[in-house]
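Trainee: Take this structure, written in structure tokens, and hold onto it; I'll ask about it next.
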Amino acid sequence: GLAVRKPGRPDYAVALSNGTGFGDGTLAVVAGPCSVESESQICEIAAAVKEAGAMALRGGAFKPRTSPYSFGGLGERGLDYLSRAREKTGLPVVTEILDARDIDLVARCADVLQIGSRNMQNFTLLFAAGGHPSGKPVLLKQGFGATVEEFLQAAEYVLLGRLSAGREDPGLVLCVRGIRTFEPSLRFTLDVGGLAVLRDRTHLPVIADPSHAAGDRRYVAPLARAAVAAGAQGIMVEVHRDPARAWSDGDQCLDFGGFKDMMAGLRRGG
Ligand code: PEP
Ligand code: MN
């Protein structure tokens, strides 16, 4: 398969417009709120995470929510605010694409097209995102009920989409974000063993999302360190100026001080 590392094949890096990238030997840190709430909210968070060492900004404008009554994102207006935050900080934007019908819209703003856990086996979306004429790289999150093997097969769809659009370079980043196990103390179980296996099995960059895995901000930094120790080449983490007031996932959001501490812990390696 295209996503599987051939013997002796070196790591593949996905470069971003600001000179940073995934899998290039640096630790890629993507940070930002769960969802975009307002222009000032996203711009303020972007400036703070950049200052603390993030290389890209995350933030959902189209949100997959378990309950249809939860906040589903600002949609196109959210994308405009993300673009403003990029103008102000220079940080590339990672944002989720929920539906193949929205790809053109999202690709106009996003530097990286995120496909979430709940869509990991939405095969038409995987193929369409990979094959989008913009050539924007894709960040694919592991389904919370998916094995490493199924994750790699989902990645294959994205890479086939890219090939169909004439792109040989695998512009794809894989993100481990926790799976559902019998252990209920955290929201999900961050499978660091699976992460280490994934690093061997694929040449694609592999990052981890300790926020959605933990569901509780107290465990985000330890899980981030565990992921890096197991071979993660980057971290995607939720950060908010005022987590208690966040419109989604406040419990797992770090505040600015918490994010700085997490970064310091990663640099110390412990
Ligand atoms: C997210 O990163 O915004 C998200 C919804 O995460 P996941 O798809 O991993 O649940
Ligand atoms: Mn979230």
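Trainee: Could you give each residue of region 43-48 its phi-based ³J(HN,Hα) in whole Hz, using Karplus coefficients 6.51, -1.76, 1.60 with θ = phi - 60°, and x for Gly or Pro?
Mentor: These are the phi-based 3J(HN,Hα) values: 5, 5, 5, 4, 4, 5 Hz.
Trainee: Under a Cβ-only charge scheme (Lys and Arg +1, Asp and Glu -1), can you give me the dipole magnitude of region 129-241 about the Cα centre, in debye to the nearest 20? Each step should come with its number before you reach the end.
Mentor: Details: 13 positive and 11 negative charges, 84 e Å.
I would put it at about 400 debye.
Trainee: Let me ask you something else. Quick one: which of 61-72, 26-37, 133-144, 249-260 comes out on top by average Cβ neighbours within 10 Å, and what's the full order, highest first? Let's see the in-between values first.
Mentor: Working: 61-72: 14.4, 26-37: 24.3, 133-144: 21.7, 249-260: 19.4.
In descending order of packing, they fall as 26-37, 133-144, 249-260, 61-72.
Trainee: Roughly what % of DSSP beta bridges within region 97-191 run antiparallel, to the nearest 5? The partial results should precede the final answer.
Mentor: Details: 1 of 8 bridges.
Restricted to region 97-191, the bridges split so that about 10 percent are antiparallel.
Trainee: Along region 64-72, what does the Karplus equation 6.51 cos²θ - 1.76 cosθ + 1.60 (θ = phi - 60°) give for ³J(HN,Hα), rounded to whole Hz, x for Gly and Pro?
Mentor: Working through the residues one at a time gives x, 10, 4, 9, x, 8, 7, 4, x Hz.
Trainee: Neighbouring Cβ atoms within 10 Å as the yardstick, rank THR189, THR202, THR89 fewest first. List each step's numbers first, then the result.
Mentor: Details: THR189 17, THR202 24, THR89 21.
If I rank by nearby Cβ atoms, fewest first, I get THR189, THR89, THR202.
Trainee: Could I ask something else about it? I'd like the antiparallel share, as a percent to the nearest 5, of DSSP beta bridges with both residues in the chain. Working shown, then result.
Mentor: Details: 3 of 28 bridges.
In the chain, DSSP labels about 10 percent of beta bridges as antiparallel.
Trainee: How do ARG268, ARG118, ARG245, ARG86 line up, fewest other C-beta atoms within 10 Å first?
Mentor: On the way: ARG268 8, ARG118 16, ARG245 11, ARG86 22.
So the residues, fewest neighbours to most, are ARG268, ARG245, ARG118, ARG86.
Trainee: For region 165-170, in order, what is each residue's ³J(HN,Hα) by Karplus, 6.51 cos²θ - 1.76 cosθ + 1.60 with θ = phi - 60°, in whole Hz (x at glycine and Pro)?
Mentor: Values per residue, Gly and Pro as x: 8, x, 9, 8, 6, x Hz.
Trainee: Here is a further query. So what is the relative contact order for the chain, in percent, with contacts set as C-alpha pairs under 8 Å and at least six apart? Don't skip to the end; give the middle numbers.
Mentor: Working: 609 pairs, mean separation 53.5, N = 270.
That works out to 20 percent.
Trainee: Kindly provide the helix-only [θ] at 222 nm of the chain, computed as the sum of -39,500 (n - 2.57) over DSSP H runs of four or more divided by all residues, to the nearest 500 deg cm²/dmol?
Mentor: Working: 9 runs with 97 residues, N = 270.
Using -39500 (n - 2.57) per qualifying helix, the result is -11000 deg cm²/dmol.
Trainee: Could you list which residues have their amide H under 5 Å from that of VAL138, counting only those 5 or more apart in sequence or on another chain, with H placed in the peptide plane?
Mentor: For VAL138, the qualifying residues are LEU113, LEU172, VAL173.
Trainee: What are the residues whose amide H is under 5 Å from the amide H of ARG5, where those residues sit 5 or more places off or on another chain and H is modelled from the backbone?
Mentor: Distant-sequence amide H within range of ARG5: THR202, HIS203.
Every read-out reported here was derived from the displayed coordinates using simple, explicitly stated rules and does not represent laboratory data. The structure displayed is predicted, hence computed values, not measured ones. No Cβ is skipped: glycine too gets one built from the backbone with ideal geometry, and neighbour counts run over all protein chains shown.
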